[in-house]
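Colleague: One structure follows; several queries about it will come next.
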Amino acid sequence: MTNLDPRFLRTQGYINGKWVDATSGARFMVSNPADGTQIAQVADMGAEETREAINAAHEAFPGWAARTAGDRSKTLRKWFELIVQNADALAALLTAEQGKPLTEARGEVIYGASFIEWFAEEAKRIYGDVIPSTGADRRFIVLKQPIGVVGAITPWNFPSAMITRKVAPALAAGCTAVVKPAEDTPLSALALAVLAEEAGIPPGAFNLVPTSKAAPVGEAMTSDTRIRKISFTGSTAVGKVLMKQAAQNITKVSLELGGNAPFLVFDDADIDAAVEGALASKYRNAGQTCVCANRFFVQDGVHDEFAHKLAERTKELLIGRGDQPGVQIGPLINAAALTKVEHLMADAKARGAIILTGGEPHNQGDLFFTPTVITNVNPDMDIANTEIFGPVSALRRFNNEDEAIALANDTPFGLAAYFFARDMGRVWRVMEGLETGIVAVNTGLFTSEVTPFGGVKQSGIGREGSKYGIEEYVEIKNVCLGGI
Ligand code: NAP
């Protein structure tokens, strides 16, 4: 196992610039999903510590907001540089607690850092407006001001990047933040705080409350009127709970929720490119991303060729511990995740799915599942209607373009969609017809800090990254300046 740098292996929460234990002294275990071994015992905080963190963020807010944008920008830039300098150590920690291959973990650390770099720049571009006046004695001005203290709750599948995607724009805008990382992966979050401190982010501006008791921490955030914004990434079910709770104080919410991404392959597609796109989209993080291709729809004329080629390439994927060289598929995050995939496979098999490769757990360890390709999927199968979150490609056929678009949109979710086609008219029609926040055409990879990330329908509200991301953290103030 890779040695973990003790400088980054923190086991206490981070509140008001101090490393602190839970008041109760409670701790919870963080383990390596590759082999179940314990990595750390982390402070198990609750509502009380969350309120302390909110106090700290509330006190720090006026001072941080009053700094010049240039000053905030330089501090964030420093944080970005420190993360990049320490990317290898952070990646090792991320792989240890999350399981993804080291190259993916390093990619996530750099991707996560890119949001800090981006928003360090955007801090200087939060422009207001001057609106042409309707009266000679007055002027209309629009100010954009930081919204206040932000409560952020993040998932385990991107333990580093889901935090920077929220905290970087919040801090850039002049907000302060209280973050609850996922129970399975608090260590990458705590390591980010080590470097935030070193970069000069002041006490109280960025607080971390690790916990195994998500609900009371979420309630402490949503019930506190000093929290002016909840930013959540996770499942749609929990997103609904938080939105309901946030309604009591009309707290603004941004929600990055579950996906059910369609992946369409048309007769005119470059099939080899579609196969490579499918591999990149489906098997990243062992199929555990919100934008993983979840439902493959393949046109009749190319179905068998695509299925065969995808199965052959899927067989070549190297499965193993994320810290071993060349590994492409690591373990699933926990036992519940494996059980879910096993259930979906058993149900699909019982209802007539054909397994081209895989279909079972893998003997690397308790949480590994063999990369799988199945065909003959029909809408009655659970796998056709569920976010799989595992390395299973489930293929259905379609006959024509209208049918493909209807199938793709036949879901309450609308985060990402992929399709492969070469006819320009078709590319435009399908791109416009898909009901998702993101459409990837002829590629399996699209994420970048410069483009807006987010979903429609039950996949969420709001956008992260890009020039739009900062808008989630500012309020618009209309000033009417009279007596001129
Ligand atoms: P989850 O169960 O919703 O958990 C996400 C976060 O919410 C975790 O920190 C979790 O804490 C916390 N949480 C759970 N119940 C809560 C409650 N009652 N109140 C407050 N917080 C609560 O989701 P997950 O299984 O970790 O993540 C996978 C889901 O996230 C998938 O649906 C995926 O599509 C989605 N996701 C979406 C995006 C996006 O950008 N749209 C990105 C990544 C993932 P614990 O860890 O302690 O349970």
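Colleague: Among the residues of the stretch 93-113, write down those that are in contact with a Lys or Arg (Cβ under 9 Å, 6 or more places away or on another chain), farther than 16 Å from Glu449 by Cα and either part of a helix (DSSP H, G or I) or outside the structural domain of Val194 (by TED's automatic domain parsing) (or both).
Modeller: Result: Leu94, Thr95, Glu104.
Colleague: Kindly list the number of the only condition in (1) surrounded by 23 or more Cβ atoms within 10 Å (Cβ to Cβ); (2) more than 14 Å from the ligand (Cβ to nearest atom); (3) over 25 Å from Phe28 (Cβ atoms); (4) of a type in the set (Gly, Ala, Ser) that fails for Gly259.
Modeller: Condition (2) is where Gly259 drops out.
Colleague: Residues that are among the polar types (S, T, N, Q), within 14 Å of the ligand (Cβ to nearest atom), free of Cβ contacts under 8 Å to residues at least 40 places away in the same chain and not in a helix (DSSP H, G or I): does the stretch 217-224 have at least one?
Modeller: yes
Colleague: Need the failing condition index for Ala161 against (1) buried (at least 24 other Cβ atoms within 10 Å of the Cβ); (2) without any contact (Cβ under 8 Å) to a residue 24 or more places away in the chain, just the number.
Modeller: (2)
Colleague: Filter the stretch 303-340 down to residues that are outside any strand (DSSP E or B) and within 25 Å of the chain's Cα centre (by Cα), then give me how many there are.
Modeller: 22
Colleague: Between residues in the stretch 357-369 that are among the hydroxyl-bearing types (Ser, Thr, Tyr) and residues that are surrounded by 18 or more Cβ atoms within 10 Å (Cβ to Cβ) and not in a loop (DSSP other than H, G, I, E, B), which pairs lie under 8 Å by C-beta distance while being six or more apart or on different chains?
Modeller: Hits for this filter: Thr357/Ala311; Thr357/Thr314; Thr357/Thr372; Thr357/Val373.
Colleague: Something else: Of all residues in the stretch 262-296 being over 27 Å from Pro412 (Cβ atoms) and charged (D, E, K, R), which is nearest to the ligand (Cβ to nearest atom)?
Modeller: Applying the filter and picking the extreme gives Glu276.
Colleague: For the stretch 227-237, how many residues are within 22 Å of Phe389 (Cβ to Cβ) and near the ligand (Cβ under 10 Å from one of its atoms)?
Modeller: 6
Colleague: Quick check: anything in the stretch 308-320 within 26 Å of Gly455 (Cβ to Cβ) and modelled with pLDDT of 95 or more?
Modeller: Yes, there is a match, as at least one residue in the stretch 308-320 is within 26 Å of Gly455 (Cβ to Cβ) and modelled with pLDDT of 95 or more.
Colleague: Of all residues in the stretch 3-41, how many are within 29 Å of Ile319 (Cα to Cα), touching a Leu at 6+ places or on another chain (Cβ under 8 Å) and assigned to a strand (DSSP E or B)?
Modeller: Selection size over the stretch 3-41: 3.
Colleague: Mind checking which strands (runs of 3 or more DSSP E) fall wholly inside the stretch 387-463 and carry at least 3 residues that are within 16 Å of the ligand (Cβ to nearest atom) and either modelled with pLDDT of 95 or more or touching a Lys or Arg at 6+ places or on another chain (Cβ under 8 Å) (or both)?
Modeller: In the stretch 387-463, the matching strands (runs of 3 or more DSSP E) lie at 416-420, 438-441.
Colleague: Among (1) within 16 Å of the ligand (Cβ to nearest atom); (2) surrounded by fewer than 17 Cβ atoms within 10 Å (Cβ to Cβ); (3) in contact (Cβ under 8 Å) with a residue 12 or more places away in the chain, there is one condition Lys240 misses while meeting the rest; what is its number?
Modeller: Of everything listed in (1) within 16 Å of the ligand (Cβ to nearest atom); (2) surrounded by fewer than 17 Cβ atoms within 10 Å (Cβ to Cβ); (3) in contact (Cβ under 8 Å) with a residue 12 or more places away in the chain, Lys240 misses just condition (3).
Colleague: To continue, here is another question. Given Ile141, Ile126, Ile147, which one is closer than 18 Å to Pro452 by Cβ, touching a strand residue (DSSP E or B) at 6+ places or on another chain (Cβ under 6 Å) and more than 16 Å from the ligand (Cβ to nearest atom)?
Modeller: After ruling out the rest, the residue left standing is Ile126.
Colleague: Just to check your reading of the model, which residue among Leu190, Leu143 is surrounded by fewer than 18 Cβ atoms within 10 Å (Cβ to Cβ), outside any loop (DSSP other than H, G, I, E, B) and in contact with a Lys or Arg (Cβ under 6 Å, 6 or more places away or on another chain)?
Modeller: Residue meeting the stated conditions: Leu143.
Colleague: Before we move on, is Phe413 in contact (Cβ under 8 Å) with a residue 60 or more places away in the chain and either under 26 Å from Gln145 (Cα atoms) or touching a helix residue (DSSP H, G or I) at 6+ places or on another chain (Cβ under 6 Å) (or both)?
Modeller: No: the conditions fail for Phe413.
Colleague: Restricting attention to the stretch 166-187, report how many residues are in a strand (DSSP E or B) and either out of contact with any strand residue (DSSP E or B) (no Cβ under 7 Å at 6 or more places or on another chain) or within 15 Å of the ligand (Cβ to nearest atom) (or both).
Modeller: Of the residues in that region, 4 qualify.
The values are calculated or read from the model by the stated rules, or taken from the named source; none is laboratory data. Since we're looking at a predicted model, the values are computed, not measured. Using ideal geometry, Cβ is built from the backbone for each residue, glycine included, and neighbour counts are taken over all protein chains shown.
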